[in-house]
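Below you'll find the structure, written out as structure tokens, and then a few comments.
Just so it is clear, none of the values below were taken in a lab; they were calculated from the coordinates. Remember, predicted model here, so these are calculated numbers, not experimental data. Don't worry about glycine lacking a Cβ; one is built from the backbone with ideal geometry, like all the others, and counts go over all protein chains shown.
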Amino acid sequence: MNKYLLVGEKNRLKINRYTDNGVYLICEDQDEVLLPNQYVSYAMKEGDEIDAFVYFDSEDRIVASTVFPKAMLDEFGCFEVVDVTPFGAFLDWGLPKDLLVPKALQKFPFHVGMKVIVRVCLDDETGRIVGSQKYNEFLSKDFKNLKVNQQVKLLVRERTPLGFKVIVNNLYDGLIFHNEIFENIEVGDEKIGYIKTLRKDGKLDIILQPIGDKSDEVAVSKIVEILSLTGGRCEMNYKSTPELISERFGLSRKAYKRALTKLIDAKKLEVNDEGMRLL
């Protein structure tokens, strides 16, 4: 495999020549890869450098694409199953050629229409891009670059009796406990979260609101944003139920009441028995 042409990743390549089938791009060692006509634009010209995703097409040829998949090599994604065969299942990952998940890399049988979380990886034997549900070995327990209250990217992967398991920054295993969730969450959702605890078992406890003063800032911004979308008014006040607060603002009652008080003190909000309004 060419070390300058990275299969499954974004490559910076130069337009070398035009043909009837598309444009040939070259990498650092002058090897060429075809960018098919469907991805060629009138603005492209020889000598230009472009970003392209490199993968194997349906005929197992290495080709380039200016359309990028929902997840690249070593990343996780939630994809819909579009076909099931005796040797594996195919997922829609945003490219003309669907992503194969071999049967050996499935944890349970797939069926068309279901959505599954997989890791995009290279098959050791063929060098082809495949998806895998057996990814626990790739989740790191090395937290040296992490700290409490650090903002992280989340992919919700599984609902459990304790809460929702999440993949953190495409690298770590985390959990959001049910009693700390104040908004709707579904498997496959991508969220921003914050590290609450770095656990000794190599997993992370995650929350969806930051700790401390930053949490108050987020709550205040969320209330102002939602009120702005509803004409600056709302029928809610300090007496609103936790269920309604969670449904409307995605906040705990405690965070909601603190945010109301801050907005009132800043003379940006008026709250009475009939509701609230932005000033």
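Here are some notes:
- Positive-end residue of 251, 275, 171, charge dipole of the chain with Cβ unit charges: 275
- Listed peptides 41-54, 22-35, 258-271 appear in the order 22-35, 258-271, 41-54 once ranked by packing, highest mean of other Cβ atoms within 10 Å at the front.
- Placing one equal scatterer on every Cα of region 38-139 and applying the Debye formula, the log10 ratio I(q)/I(0) at q = 0.12 Å⁻¹ is -0.43.
- Stokes-Einstein D for region 76-136, Kirkwood Rh over Cα pairs, 20 °C, 1.002 mPa s (µm²/s): 189
- Dipole magnitude (debye, nearest 20) for the chain, charges at Cβ of Lys, Arg, Asp, Glu: 1400
- Where only alpha carbons of the chain are counted, the Rg and the Dmax (Å): 24.0, 72
- The alpha carbons of region 213-278 stretch over 27, 26, 20 Å along the principal axes, in descending order.
- Alpha carbon centroid spacing (whole Å) that separates region 14-73 from region 165-232: 39
- For region 151-207, diffusion coefficient by Stokes-Einstein and Kirkwood Rh (Cα), 4 °C, 1.567 mPa s, µm²/s: 118
- Hydrodynamic radius (Kirkwood) for region 10-65, which is based on Cα pairs only, to one decimal in Å: 11.1
- 32 Å Cα-Cα threshold exceeded, pairs from 103/153; 10/222; 103/165; 10/144; 153/267: 10/222; 153/267
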